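The values are calculated or read from the model by the stated rules, or taken from the named source; none is laboratory data. What you see is a predicted model; the values in this text were computed from it and never measured. Cβ placement follows ideal geometry from the backbone for every residue including glycine, while neighbour counts extend to all protein chains displayed.
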Amino acid sequence: MTELRTNCPRDCYDNCGIVVRPGKNGRVIVRGDPEHPINRGTLCTKCATAYNGVWQDPRERLSTPLRRVGPKGEGAFEAISWEAALREVADRTQQVIDERGPQAVIHTHYSGTLSMLAFMFPMRFFNRLGATEVEPDSICNLAGHIAWSAMFGISVAGFDPRTAADSSCIVVWGANPSHSGPHMDEHWLGDFDGAVVVVDPIRTDTALRADLHLQPFPGTDAALAFSMAHELRALGAFDDEFIAAHVHGAPDVLPTIEACSPIWGEAQTGVPAEQIRRAAQLYASGPALLWAGQGLQRQPTGANVMRAIGLLPALTGNIGKPGAGICYLNVAAALLGADFDELAGASLVEGEARQMNHIGLAGALEDPDRFGAMFSWNTNPLASAAEQLRLREAFRREDLFTVVVDCFPTDTVDYADIVLPAASFLEFDDLTFSYMNPIVGAQRKVREPIGDSLPNQEIFRRLAAAMGYDEPELYESDEMLIERLLDGLDLGLSHSDLAERGHVYLTEEPFDYFAARRFRTPSGRIEIASASLSEVGLDPVPTPATDPAQPEGLFRLLTPASRWRLNDSHANDRTIGRRSGPATVTVHPADAADLGIADGDPVRLRNGAGEITLATAIGDIAPRGVLVAYKGRWPKLEPGGCNVNALHEGNSADIEGCSAVHGTLVSLEPAR
């Protein structure tokens with residue numbers, strides 16, 4: 001090997017190109033691909049550090065199957081062979097199935113890697129088994145998907161960023177690409193010639209560089225959207241012809257919009273009326289793009305908020321034309337021929353698929369009659385899930401047979417009965433797709449797996465064999481799966497062709513799913529009024545409702561993405577730990593003064609779910625009454641043995657089962 005191209009499969013908007021060169025002692029040097037249009041030769045600081053650090057360190061990686069030899073939680077294991085591990089997993093899983101049925105086997109997974117085979121192929125095993133799945137999006141973005149699917153017919157057909165060339169304004173609402181898509185932030189937003197408006201209760205780096213930053217108090221986004229809509233109507237920006245042809249239910253919401261003036265909006269949100277007017281003027285200045293972040297809907301009225309901001313493109317006709325559009329996620333590959341349902345083995349499900357939501361996981365696992373076996377793969381729930389302390393105790397159940405598949409000895413691994421070591425993205429071929437840009441990239445094997453670790457898909461092929469399953473779908477090779485995905489996209493490229501190029505756009509020109517202005521809703525229109533959402537308990541149309549005022553003495557806690565960690569990925573890299581320093585909570589200067597807290601003082605955050613002690617960072621990045629503590633640390637590496645998820649109570653958004661972590665309330669006091 002001299003130099004090879006591959007692509008980053010992390011849960012990120014960027015999906016960067018990578019160039020790999022030989023290093024010393026069996027390592028490789030990982031750098032950004034200068035020919036990739038998104039990252040243009042650099043990698044974000046966290047991935048550049050971790051990919052050349054912990055991801056290649058054999059002392060930090062899991063390299064052989066393990067069997068527990070001590071109490072759950074202590075991480076005491078003995079090395080065993082793959083044959084012994086697979087046999088024990090198969091025997092004990094089959095015992096649970098025989099005694100209780102396949103629904104008593106539960107598996108949880110998410111986005112530890114988003115390369116397609118490693119991300120989706122293991123679902124074939126669980127679909128054949130008939131296991132209960134923890135709905136992965138319920139921890140992250142499900143309320144937004146449900147809301148915009150009902151409103152626009154689909155939630156994953158976001159705008160192609162290339163269409164910004166025809167835009168006059170980009171509104172970034174509830175996203176912080178400076179942390180969660182740094183190259184989209186630096187290059188796409190940074191190069192944009194029009195106006196950038198950021199709506200975020202936190203003054204992020206993206207907000208600092210914006211032309212206008214609206215900083216509403218958390219829980220007031222819907223009121224802000226209605227107030228902007230009021231001003232857009234006053235400016236004559238509503239597209240009456242578009243509304244008549246393509247929108248259902250507009251008359252039901254117009255009287256409410258008329259009552260929500262910018263002055264009213266200022267009283268509800270804390271955003272000055274003049275800023276609300278200015279934001280509407282910029283949005284009305286020409287074709288405009290609306291980027292809705294996933295954090296936006298992680299609040300008690302998350303679905304209503306998504307519907308409320310959806311009013312802006314719906315009523316101004318800013319959808320289905322060059323320079324205009326909406327984006328929650330943009331999974332263009334699935335819209336252009338890649339069959340992800342087939343890759344996940346949806347046809348292997350007998351009857352109705354069994355699912356439960358993430359926020360109920362702790363309570364479900366506490367019940368010994370409900371689940372007898374647990375698989376965790378592609379995720380680290382004891383670092384990332386709500387009700388962390390309660391969930392940890394549920395994982396201690398001796399009668400809950402637990403299997404964890406991972407690259408690293410995470411908190412969740414410490415509670416496993418059997419650990420199966422996974423290969424990293426540098427160690428097998430796969431495909432990557434962006435969920436922002438319509439790009440497909442080749443993930444390429446650039447080094448041998450560490451120890452006896454295996455790719456996710458090979459682990460589950462072997463588990464299927466150990467279980468005695470004979471369906472051919474469970475044993476298809478990586479080569480066949482990759483070829484079929486590429487054939488579906490009709491690019492005329494093999495994996496080796498793609499690997500030479502690194503990446504390709506799926507279409508030569510910007511792709512607009514809504515160009516024909518057809519919407520996959522019951523009416524065929526954008527549905528401001530939604531019968532399906534009424535059936536799950538929401539109002540027939542979006543409302544300007546705000547969250548109730550905080551009880552005196554409590555603070556709203558926001559736990560957004562960190563600059564240094566990608567969810568909890570990279571949290572075990574020592575260089576990242578050293579550079580990022582100890583965990584902190586940012587407290588507004590006025591609140592700190594009221595409590596007699598100085599910068600650096602230890603403070604205790606507490607509520608019904610748990611408590612955590614953090615160092616104070618005094619700053620005015622958020623309004624008074626709002627605390628900011630970044631997520632992503634491994635509890636086992638923290639002095640107190642927990643992270644901020646110890647404070648999230650597992651409360652649901654306005655659609656049952658969807659996460660509302662940004663609605664968390666806590667008390668704050670000096671920890672002296």
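General observations
- Conditions (1) surrounded by fewer than 24 Cβ atoms within 10 Å (Cβ to Cβ); (2) touching a helix residue (DSSP H, G or I) at 6+ places or on another chain (Cβ under 7 Å); (3) in contact (Cβ under 8 Å) with a residue 12 or more places away in the chain: number failed by Ser659: (1)
- Candidate set from the stretch 473-488 (those that are within 27 Å of the chain's Cα centre (by Cα) and not aliphatic (A, V, I, L, M)); member that is farthest from Leu336 (Cα to Cα): Asp478
- His213 in contact with a strand residue (DSSP E or B) (Cβ under 8 Å, 6 or more places away or on another chain), free of Cβ contacts under 8 Å to residues at least 24 places away in the same chain and assigned by TED's automatic domain parsing to the domain that holds Ala324: yes
- Residues of the stretch 636-650 that are modelled with pLDDT of 95 or more and touching a helix residue (DSSP H, G or I) at 6+ places or on another chain (Cβ under 6 Å): Gly641, Cys642, Asn643, Asn645, Ala646, His648.
- Some residue of the stretch 1-17 being touching a Cys at 6+ places or on another chain (Cβ under 6 Å) and assigned to a loop (DSSP other than H, G, I, E, B): yes
- Qualifying residue in the stretch 161-175 (condition: touching a His at 6+ places or on another chain (Cβ under 7 Å), among the acidic types (Asp, Glu) and at pLDDT 95 or above): no
- Failed item, numbered, when Gly73 is tested on (1) in a loop (DSSP other than H, G, I, E, B); (2) touching a Gly at 6+ places or on another chain (Cβ under 8 Å); (3) surrounded by fewer than 23 Cβ atoms within 10 Å (Cβ to Cβ): (2)
- Residues in the stretch 53-79 that are of a type in the set (A, V, I, L, M) and in contact (Cβ under 8 Å) with a residue 40 or more places away in the chain were compared, and the one that is farthest from Cys407 (Cα to Cα) is Leu66.
- Residue ID - surrounded by the most Cβ atoms within 10 Å (Cβ to Cβ), chosen from residues in the stretch 132-146 that are assigned to a helix (DSSP H, G or I) and in contact with a Phe, Trp or Tyr (Cβ under 9 Å, 6 or more places away or on another chain): Gly144
- Of all residues in the stretch 18-52 being part of a strand (DSSP E or B), over 26 Å from the mean Cα position of the chain (by Cα) and in contact (Cβ under 8 Å) with a residue 24 or more places away in the chain, the one that is farthest from Pro182 (Cα to Cα): Val28
- Residue match in the stretch 410-427 (condition: out of contact with any strand residue (DSSP E or B) (no Cβ under 8 Å at 6 or more places or on another chain) and either surrounded by 24 or more Cβ atoms within 10 Å (Cβ to Cβ) or on the phi > 0 side of the Ramachandran plot (or both)): yes
- Residues of the stretch 188-203 that turn out to be crowded, with 24+ Cβ neighbours inside 10 Å and either within 20 Å of the chain's Cα centre (by Cα) or at pLDDT below 95 (or both), as a count: 4
- Candidate set: the stretch 98-111, residues that are in contact with a strand residue (DSSP E or B) (Cβ under 7 Å, 6 or more places away or on another chain) and not in a helix (DSSP H, G or I); chosen: the one farthest from Pro136 (Cα to Cα): Val105
- Qualifying residues in the stretch 234-258 (those that are under 29 Å from Gln215 (Cα atoms) and of a type in the set (D, E, K, R)) - the one surrounded by the most Cβ atoms within 10 Å (Cβ to Cβ): Asp239
- Matching residues, the stretch 398-447, being small (Gly, Ala, Ser) and either without any contact (Cβ under 8 Å) to a residue 60 or more places away in the chain or in a strand (DSSP E or B) (or both): Ala422, Ala423, Gly441, Ala442
- Against the test of being more than 18 Å from the chain's Cα centre (by Cα) and of a type outside the set (Val, Ile, Thr), the options Asp137, Asp185, Asp166 yield a single qualifying residue, Asp166.
- Residues located in the stretch 580-620, provided they are free of Cβ contacts under 8 Å to residues at least 60 places away in the same chain and out of contact with any strand residue (DSSP E or B) (no Cβ under 8 Å at 6 or more places or on another chain): Ser580, Gly581, Ala590, Ala593, Asp594, Gly608
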